[in-house]
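Peer 1: Following this message is one structure expressed as structure tokens.
Read the figures in this text as sums done on the coordinates, not as results from a lab. Since this is a predicted model, take the numbers as computed values, not measurements. All Cβ positions, even for glycine, are placed from backbone atoms using ideal geometry, and neighbour counts span all protein chains on display.
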Amino acid sequence: MYATPLGDSGAELRPLEVWHAEELLAHIDRGREFIGRHIGLPDAVPDLDGARAWLTSYAGKRAADAGSLHGIWLDGRLVGGVLFRVWDSPSGVCEAGCWLEPAAAGRGLVTLGMRVLLDWAFDERGMHRVEWHASSANEPSIGVARRLGMTREGVLRENYPHRGVRTSTEVWAVLAPEWREARARTARGER
Ligand SMILES: CC(C)(COP(=O)(O)OP(=O)(O)OC[C@H]1O[C@@H](n2cnc3c(N)ncnc32)[C@H](O)[C@@H]1OP(=O)(O)O)[C@@H](O)C(=O)NCCC(=O)NCCS
């Protein structure tokens with residue numbers, strides 16, 4: 001249906017909905033090991049019922065204005081997504097996240113997709129703060145936070161048990177005025 005082109009990458013951002021369950025499962029199966037190194041998404045989508053249940057949970061969040069899910073399609077194939085895992089309008093605070101299958105990594109698709117989501121969160125929805133939580137060991141995800149101009153605020157030590165290992169979570173965030181200033185600098189061609 002409706003889609004947002006991601007720059008000149010050839011990829012598109014579209015709402016990821018319950019009827020995409022089969023496509024989501026096939027995509028997760030292509031990237032199960034890569035995606036699951038630091039996050040539990042592949043474990044939440046073990047089969048078609050799991051895919052439907054996960055997508056249904058995000059349909060519920062969207063209905064309650066408590067989160068949203070957006071797929072990234074490249075050459076007509078679902079290859080990843082960006083999301084608001086947590087969304088709290090009254091406080092103006094939300095938490096974003098992302099994933100890709102390995103064949104789609106290294107092209108800037110998540111950074112491009114997150115820029116669309118951040119513009120929407122700050123400009124249309126009036127949010128004040130977007131957080132990014134990533135395992136300390138997840139360098140590619142921390143790279144995304146850096147490219148988005150986020151600030152590293154701290155570390156939640158050994159807070160996340162993942163596949164039998166306690167991992168630490170870095171908290172990064174960008175505030176609305178920081179995002180607008182960085183966008184203006186980019187438009188002026190400054191670094
Ligand atoms: C986290 C994850 C999405 C990052 O993927 P990614 O491809 O590195 O991120 P992007 O799509 O933003 O692409 C950035 C890469 O593309 C390159 N790139 C190419 N064109 C680009 C462009 N136009 N804009 C930005 N980066 C571009 C960048 O240099 C960077 O590569 P590098 O790290 O080798 O320098 C991916 O590693 C992943 O899915 N991991 C598994 C799931 C996961 O851990 N999710 C995060 C949860 S917190």
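Peer 1: From the backbone phi of the stretch 100-114, what are the Karplus-calculated ³J(HN,Hα) couplings (6.51 cos²θ - 1.76 cosθ + 1.60, θ = phi - 60°) in whole Hz, Gly and Pro given as x?
Peer 2: Rounded to whole hertz, the list is 9, 7, x, 5, 9, 7, x, 10, x, 5, 5, 4, 5, x, 5.
Peer 1: Please arrange Asp88, Asp75 by counting, for each residue, the other beta carbons lying within 10 Å of its beta carbon, fewest first.
Peer 2: Ascending Cβ contact count within 10 Å gives the list Asp75, Asp88.
Peer 1: Which number do you get for Rg(Cα) / (2.2 N^0.38 Å) in the stretch 4-187?
Peer 2: 0.99
Peer 1: Right, next: Using DSSP to call loops (not H, G, I, E or B), can you name the trypsin sites (Lys or Arg not before Pro) in the stretch 1-54 whose Cβ has at most 14 other Cβ atoms within 10 angstrom?
Peer 2: Arg37
Peer 1: OK, next. Count charges around Asp65 for me, please; just the other residues with Cβ under 10 Å from its Cβ, Lys/Arg as +1, Asp/Glu as -1.
Peer 2: Counting the neighbours of Asp65, the net charge comes to +2.
Peer 1: Next question, about the same structure. Counting pairs of alpha carbon atoms under 8 Å apart in space and at least six apart in sequence, what relative contact order in percent does the stretch 139-191 give?
Peer 2: Computed value for the stretch 139-191: 29 percent relative contact order.
Peer 1: Moving on to the next point. Relative contact order, percent, of the stretch 4-187 when contacts are C-alpha pairs under 8 Å separated by at least 6 residues?
Peer 2: Working: 300 pairs, mean separation 31.2, N = 184.
Relative CO of the stretch 4-187 lands at 17 percent.
Peer 1: Next question. For a label point 7 Å from the Cα of His162 along Cα→C-beta, name the residues of the stretch 36-69 whose backbone N is under 19 Å from it.
Peer 2: Residues 36-46 fall inside that zone.
Peer 1: Which listed residue (Leu74, Val110, Ile35) has the Cα farthest towards the positive end of the charge dipole for the chain, taking +1 on Lys and Arg C-beta and -1 on Asp and Glu C-beta about the Cα centre?
Peer 2: It is Val110, whose Cα lies furthest towards the positive end.
Peer 1: A follow-up question, please. For Arg152, what charge total do you get from the other residues with a beta carbon under 9 Å from its beta carbon, if Lys and Arg give +1 and Asp and Glu give -1?
Peer 2: It works out to a net charge of -1.
Peer 1: Counting other C-beta atoms within 10 Å, which of Arg166, Arg77 has the fewest, and how do the rest follow? Could the numbers behind the result be given before it?
Peer 2: On the way: Arg166 10, Arg77 15.
Taking fewest neighbouring Cβ atoms as first place, the list is Arg166, Arg77.
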